[in-house]
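Heads up: the structure comes next, in structure tokens.
The values are calculated or read from the model by the stated rules, or taken from the named source; none is laboratory data. In this text the structure is predicted, and so the values were computed from the model without any measurement. Quick reminder, even Gly has a Cβ in these numbers, built from the backbone with ideal geometry, and neighbours come from all protein chains shown. Protein only, heavy atoms only, side chains kept; ligands, DNA and RNA dropped before computing areas. Shrake-Rupley method; radii C 1.70, N 1.55, O 1.52, S 1.80 Å.
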Amino acid sequence: MTSSHERRGLRRSPIRMCARCHRVTEIPVLVHEHHRATGPGFNVYACRECAPHYPPPTDGPDMPR
């Protein structure tokens, strides 16, 4: 089902809370992807000011094919 905003071509801006300073930001930076063996994982976001305090993202664990 599409919303009236999507039909008109309007998009909601992504709003996330910074994991470090807990401020809400409209320009979130993905700083970590938390993977789980059972169930869905989640993403960790930071604001632009706090993002440099996080180490660069690494690839997830090697998964058998």
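In this structure, HIS5 does not satisfy being touching a Lys or Arg at 6+ places or on another chain (Cβ under 7 Å), at pLDDT 85 or above and exposed (fewer than 12 other Cβ atoms within 10 Å of the Cβ). Keeping to segment 22-54, report how many residues are more than 22 Å from ARG12 (Cα to Cα), open to solvent by 100 Å² or more (accessible area, probe 1.4 Å) and aliphatic (A, V, I, L, M). Qualifying residue count for the region: 1.
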